[in-house]
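Chemist: Pasting a structure here, questions to come.
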Amino acid sequence: MFDHTSRANAVYDVASAKWHTYTELAEEVYRVAETLHVPAKSLVFCFCRNDYQCLCGYLAGLEAGHASALLDDGTAASFQTSLIDLYRPNFIVHSSAAEIQGTNGEYQLMDKRGPCVWRRKSAPDTVIHNSLALLLSTSGSTGTPKFVRLSLDNLLANARSIVDGLSIHPGDRAITSLPFHYSYGLSIINTHLLTGASLVLTNEGLTSRAFWNTVRDLECSSFAGVPYSYQILHRLGLPGSDFPSLRTMTQAGGRLENGLVDQFFRNMAARGGRFFVMYGQTEATARIAILDPKWLPEKLGSAGRPISGGAIRIHGDSGPLAPGAVGELVYSGPNVMLGYAVNRSELSAGDDLKGTLHTGDLGSLDRDGFVYISGRLNRYAKLSGIRLNLDELEAMLKDHGPSAAVGIEDKLVIFCEGLQETALSHCRDELARRLSIHHRLLDFRVIPKLPLKANGKIDYTLLEQTARC
Amino acid sequence: MNTEEDFVHKATATVTDSQERLKHAFAAAFAVSPDSGVEQMVYGECASWDSTAHMVLIAEIESAFDIMLATEDVIDLSSFEKAKEIVAKYGVSFEG
C-alpha cells in the first residue's frame, strides 16, 4: 500500500498529538500483522475511529493477508454482538482492551501494545475466498449486516485512479473529515498513503473549533465532504482566507445543489485551489467518476467523467442508450466489488460481478461523456451521506402497523397508518437511535390510509407529492 | 407604580426565561427532556452531539432568542455554559 522505507511523515495522530514517519508506520504494521499471523486466511473485525492505532490495525489485516471488515466503533453494542454472532470473526481489533460485550469469553486478548487484538478461541471456521481483502458496510449503521466484498486489487486500482484524477502528490496533506469505515473516508486514507503524502487523523467534527485549528496549524491541504458537510461550511462561511493551506476540496456521497457547487468552485478557484465533484458507490470500492474543476462552470450539474480504467454506459430496458437519454448507470472497471455477503458462509464466494456493476442509479451521459445523475432506480434515500434502504426501513417499522417512507431532499418522510399522534415522536426517536441519525431527519406523519395504485402497490409518487406539501 | 418587589419578580422571570429557553433549545436538538440535565452537556463527552445535532442546536438557539450567531460563535459553542456566555453577547440577559 505504501513505500515502507521513507522517513517522511506519514501520519499525525490528533489523539496522541504525535507524528509518525512511514518507516515507523511500517514497523508497527508488521508487528501487529505478526500477532494476526495464523496459517488459515482469517476474518478480522476492525472497529474503527480516525486514529493511529486503528490505521495500524487496518493495514496489519491487509499485510497479514486476511479479510478485514471495517466497522464503526460507535456502533450499538447489541448490533456489534449480532454481527459477531453472524460472522464469527477470528480476530477483533479494537481500540479498547475491555472485553467486547456479548462474546461470552469467546475471545482472548493477544496484544494491547498498539491496537488491542482479540483472538477467537474456537477452531478454524468456514473457508474465506483467497481474493477477499476487505468488507465494507453499504449503509452506514442501519443495522443491516450486509457487506460489500472487495479484493486488494479493487482497493489498489481505485486508489490509483483517484490519485490520477485528483493529481494527489507527496506534498498533499489530508485531514480525515469522514469516518474511517465509510468507503469515501477510507479512500482518502488509501490514496494519501499510496502517494507518500501525509494524513492528519482526527475525530473532531466540522462544527468544532479544534477541527479548524488543526487544519490551520498543521497546514492541511485537502478536505473531503458529503453534501451536508458543504451545507455546514456554507452556513459557517468556511473556509475563509485564514486557511491558506487548503487547496483541494472534494465532494461525494450524494448530490450537492448546483448553487453550492458553483460557489465552492469559485471560492477555491479564487484562492488557486480546486473543488472536485465526484460520484461513486461502496460497490465500486469508492469512486466511479470525477469532475475536474477545469470543466466548471460549463458542466455544472455533472458528476464528471469515469475515472481512469473505468467506463460508464447508460442502460434502458432493451440495452444501451444514446447520449442524453436517461437510464440505469452501468459501470465497468477494476474497482467493481466481488459481490455482497450477508453471513459468514458467503465469504467463500469468488468474483460474482466480473467487473460490471449495475448501480441502481439513474442518469444520462452527454456527448462529451460527462455523467449526470438524476435519481435512484431502487428505493434508497441518502441522509447526511448515509444510504438507507427504504424497504428495509419500512420492515423495521412493521410492528407499528403499515408505513411507507419517501426520501425528499435531505430528510425522510414516513407515513404511518397505525400510529397515534402521541406515539409518533417516541417512534421517531427510537428509529433515529437505531439508525444513528439525527431525529430531525425523520419526519413521521399519520395517514388514515396509505394510497395504493391500481396494482395494489403503495403509490410512492403520490406520497412524495404529499410529503413536499 | 412599580414596587421593588415587582421589579425583583420581573428580573427573576427574565432569568428563568432565558435559562428555560436555552434548556428547551438543547432539549429539542438532542430529543431529550429539558429537565434531563442538559445544563451539564459538553461537546465531546456526549455521543449524540455530532455535527448534525450541532447545526440543529444552533438553529434552535437562533430562533429561541431571535439572533444570528457569527461563525466564531457557532464553532465555539461547545457546552450549555458556553452557550449561555455566547447568547449573552447578543444582549440576552441571564443575570438578575
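The values are calculated or read from the model by the stated rules, or taken from the named source; none is laboratory data. None of the values given here were measured: they were computed from a predicted structure. Neighbour counts are summed over all protein chains in view; Cβ atoms, including those assigned to glycine, are modelled from backbone coordinates with ideal geometry. To get the accessible areas, we keep the full protein, side chains included, count just its heavy atoms, and leave off ligands, DNA and RNA. Shrake-Rupley method; radii C 1.70, N 1.55, O 1.52, S 1.80 Å.
Chemist: Name the single residue, out of those in region A:404-428 being farther than 25 Å from residue A:377 by Cα and open to solvent by less than 70 Å² (accessible area, probe 1.4 Å), that is nearest to the chain's Cα centre (by Cα). Even if it seems obvious, please write down each step before you answer.
Modeler: In the first step, residues of region A:404-428 are kept if they are farther than 25 Å from residue A:377 by Cα; the result is A:417-428.
Subset that is open to solvent by less than 70 Å² (accessible area, probe 1.4 Å): A:417-419, A:423-425, A:427-428.
On the way: A:417: 33, A:418: 34, A:419: 33, A:423: 33, A:424: 30, A:425: 29, A:427: 27, A:428: 24 Å.
Selected residue: A:428.
Chemist: While we're here: Which one is nearest to the chain's Cα centre (by Cα), of the residues in region A:215-232 that are within 28 Å of residue A:440 (Cβ to Cβ), in a helix (DSSP H, G or I) and more than 11 Å from chain B (Cβ to nearest Cβ)? Don't jump to the end; show me each part of the working.
Modeler: Taking region A:215-232 first, the residues within 28 Å of residue A:440 (Cβ to Cβ) are A:215, A:223-232.
When the remaining residues are screened for being in a helix (DSSP H, G or I), the result is A:215, A:227-232.
Among the residues that remain, those that are also more than 11 Å from chain B (Cβ to nearest Cβ) are: A:215, A:227, A:230.
Working: A:215: 22, A:227: 13, A:230: 17 Å.
The selected residue is A:227.
Chemist: Continuing with this model, one more query. What number of residues in region A:428-445 are in contact with a helix residue (DSSP H, G or I) (Cβ under 6 Å, 6 or more places away or on another chain) and either among the hydrophobic types (A, V, I, L, M, F, W, C) or away from chain B (no Cβ under 12 Å) (or both)? Let's see the steps before the verdict.
Modeler: Initial filter on region A:428-445 (in contact with a helix residue (DSSP H, G or I) (Cβ under 6 Å, 6 or more places away or on another chain)): A:428-429, A:432, A:438-440, A:442, A:444.
Retained after the next criterion (residues that are either among the hydrophobic types (A, V, I, L, M, F, W, C) or away from chain B (no Cβ under 12 Å) (or both)): A:432, A:442, A:444.
The number of residues fulfilling the criteria is 3.
Chemist: Which one of A:364, A:308, A:345 is surrounded by fewer than 18 Cβ atoms within 10 Å (Cβ to Cβ) and either in a strand (DSSP E or B) or touching a helix residue (DSSP H, G or I) at 6+ places or on another chain (Cβ under 7 Å) (or both)?
Modeler: Working: A:364 fails: surrounded by fewer than 18 Cβ atoms within 10 Å (Cβ to Cβ); A:345 fails: either in a strand (DSSP E or B) or touching a helix residue (DSSP H, G or I) at 6+ places or on another chain (Cβ under 7 Å) (or both).
None of the other options fit; the residue is A:308.
Chemist: Look through region A:233-250, keep the residues that are open to solvent by 70 Å² or more (accessible area, probe 1.4 Å) and more than 14 Å from every other protein chain (Cβ to nearest Cβ), and return whichever of them is nearest to residue A:215 (Cα to Cα).
Modeler: Filtering region A:233-250 for residues open to solvent by 70 Å² or more (accessible area, probe 1.4 Å) gives A:234, A:241-242, A:244, A:247.
Now restrict to residues that are more than 14 Å from every other protein chain (Cβ to nearest Cβ): A:244, A:247.
Numbers: A:244: 10, A:247: 12 Å.
Checking each candidate, the answer is A:244.
Chemist: For region A:46-150, please list each of the strands (runs of 3 or more DSSP E) lying entirely inside it that holds at least 1 residues being surrounded by fewer than 17 Cβ atoms within 10 Å (Cβ to Cβ). Full working, then the answer.
Modeler: Numbers: elements: A:67-72, A:91-94, A:107-111, A:116-120, A:132-137.
In region A:46-150, the matching strands (runs of 3 or more DSSP E) lie at A:107-111.
Chemist: Please find, within region B:55-92, the residue that is nearest to the other protein chains (Cβ to nearest Cβ) out of those that are farther than 21 Å from residue A:211 by Cβ and outside any helix (DSSP H, G or I).
Modeler: Going through the qualifying residues, I end up with B:68.
Chemist: Restricting the search to region A:186-214, which residues are more than 14 Å from chain B (Cβ to nearest Cβ) and part of a helix (DSSP H, G or I)?
Modeler: Applying the first criterion (more than 14 Å from chain B (Cβ to nearest Cβ)) to region A:186-214 yields A:186-201.
Scanning region A:186-214 gives A:186, A:187, A:188, A:189, A:190, A:191, A:192, A:193, A:194, A:195.
Chemist: While we're on this one: How many residues does region A:261-291 hold that are farther than 29 Å from residue A:311 by Cβ and not small (Gly, Ala, Ser)? Give the steps one after another, and end with the answer.
Modeler: As a first pass, look at region A:261-291 and keep what is farther than 29 Å from residue A:311 by Cβ: A:263, A:266-267, A:269-273.
Filter once more, keeping what is not small (Gly, Ala, Ser): A:263, A:266-267, A:271.
Number of matching residues: 4.
Chemist: Quick check: is even one residue across region A:381-396 closer than 30 Å to residue A:433 by Cβ, β-branched (Val, Ile, Thr) and not assigned by TED's automatic domain parsing to the domain that holds residue A:273?
Modeler: The first filter runs over region A:381-396 and keeps only residues closer than 30 Å to residue A:433 by Cβ, leaving A:381-396.
Still in the list and also β-branched (Val, Ile, Thr): A:386.
Subset that is not assigned by TED's automatic domain parsing to the domain that holds residue A:273: A:386.
Yes.
Chemist: Say whether the condition of being open to solvent by less than 20 Å² (accessible area, probe 1.4 Å), part of a helix (DSSP H, G or I) and in contact (Cβ under 8 Å) with a residue 60 or more places away in the chain is met by at least one residue in region A:429-450.
Modeler: Yes, some residue in region A:429-450 is open to solvent by less than 20 Å² (accessible area, probe 1.4 Å), part of a helix (DSSP H, G or I) and in contact (Cβ under 8 Å) with a residue 60 or more places away in the chain.
Chemist: Only residues that are closer than 19 Å to residue A:151 by Cβ and open to solvent by 50 Å² or more (accessible area, probe 1.4 Å): list them for region A:312-342, please.
Modeler: Start the filter on region A:312-342 by keeping residues that are closer than 19 Å to residue A:151 by Cβ, which leaves A:331-342.
If the condition is that a residue be closer than 19 Å to residue A:151 by Cβ and open to solvent by 50 Å² or more (accessible area, probe 1.4 Å), then A:334, A:340, A:342 are the ones that fit.
Chemist: Moving on. Given the residues A:300, A:256, which is the only one that is of a type in the set (A, V, I, L, M), within 25 Å of residue A:410 (Cβ to Cβ), part of a loop (DSSP other than H, G, I, E, B) and open to solvent by 50 Å² or more (accessible area, probe 1.4 Å)? Spell out the reasoning first.
Modeler: Values: A:256 fails: open to solvent by 50 Å² or more (accessible area, probe 1.4 Å).
Step by step, each of A:300, A:256 is checked, and only A:300 is of a type in the set (A, V, I, L, M), within 25 Å of residue A:410 (Cβ to Cβ), part of a loop (DSSP other than H, G, I, E, B) and open to solvent by 50 Å² or more (accessible area, probe 1.4 Å).
Chemist: Within region A:21-35, is even one residue outside the structural domain of residue A:171 (by TED's automatic domain parsing) and more than 30 Å from residue A:172 (Cα to Cα)?
Modeler: Yes, region A:21-35 contains a residue that is outside the structural domain of residue A:171 (by TED's automatic domain parsing) and more than 30 Å from residue A:172 (Cα to Cα).
Chemist: Also: Can you name every residue in region B:42-54 that is surrounded by fewer than 19 Cβ atoms within 10 Å (Cβ to Cβ), facing chain A (nearest Cβ under 10 Å) and of a type in the set (A, V, I, L, M)?
Modeler: B:47
Chemist: Just to be sure before I move on: is residue B:38 touching a Leu at 6+ places or on another chain (Cβ under 8 Å), touching a residue at least 40 places away in the same chain (Cβ under 8 Å) and either more than 14 Å from chain A (Cβ to nearest Cβ) or crowded, with 19+ Cβ neighbours inside 10 Å (or both) in the structure I sent?
Modeler: Details: touching a Leu at 6+ places or on another chain (Cβ under 8 Å): no; touching a residue at least 40 places away in the same chain (Cβ under 8 Å): yes; either more than 14 Å from chain A (Cβ to nearest Cβ) or crowded, with 19+ Cβ neighbours inside 10 Å (or both): yes.
No, not satisfied.
Chemist: For residue A:372, state whether it is closer than 20 Å to residue A:252 by Cβ and either in contact with a strand residue (DSSP E or B) (Cβ under 9 Å, 6 or more places away or on another chain) or open to solvent by 60 Å² or more (accessible area, probe 1.4 Å) (or both). I'd like the intermediate steps shown before the answer.
Modeler: Values: closer than 20 Å to residue A:252 by Cβ: yes; either in contact with a strand residue (DSSP E or B) (Cβ under 9 Å, 6 or more places away or on another chain) or open to solvent by 60 Å² or more (accessible area, probe 1.4 Å) (or both): yes.
Yes: the conditions hold for residue A:372.
Chemist: Here's another thing I want to ask about it. Just give me the residues in region B:38-54 being part of a loop (DSSP other than H, G, I, E, B) and over 13 Å from the mean Cα position of the chain (by Cα), in sequence order.
Modeler: B:43, B:44, B:45, B:46, B:47, B:48, B:49, B:50
Chemist: Among the residues in region A:384-407, are any within 14 Å of chain B (Cβ to nearest Cβ) and of a type in the set (D, E, K, R)? Steps first, answer last, please.
Modeler: Applying the first criterion (within 14 Å of chain B (Cβ to nearest Cβ)) to region A:384-407 yields A:384-386.
Now restrict to residues that are of a type in the set (D, E, K, R): none.
No; the residues of region A:384-407 include none that is within 14 Å of chain B (Cβ to nearest Cβ) and of a type in the set (D, E, K, R).
Chemist: Just give me the residues in region A:186-196 being in contact (Cβ under 8 Å) with a residue 60 or more places away in the chain and open to solvent by less than 20 Å² (accessible area, probe 1.4 Å), in sequence order.
Modeler: Hits for region A:186-196 are A:186, A:187, A:189, A:190, A:193.
Chemist: A further question follows. Among the residues of region A:226-284, which ones are modelled with pLDDT of 95 or more and acidic (Asp, Glu)?
Modeler: Those that are modelled with pLDDT of 95 or more and acidic (Asp, Glu): A:262, A:283.
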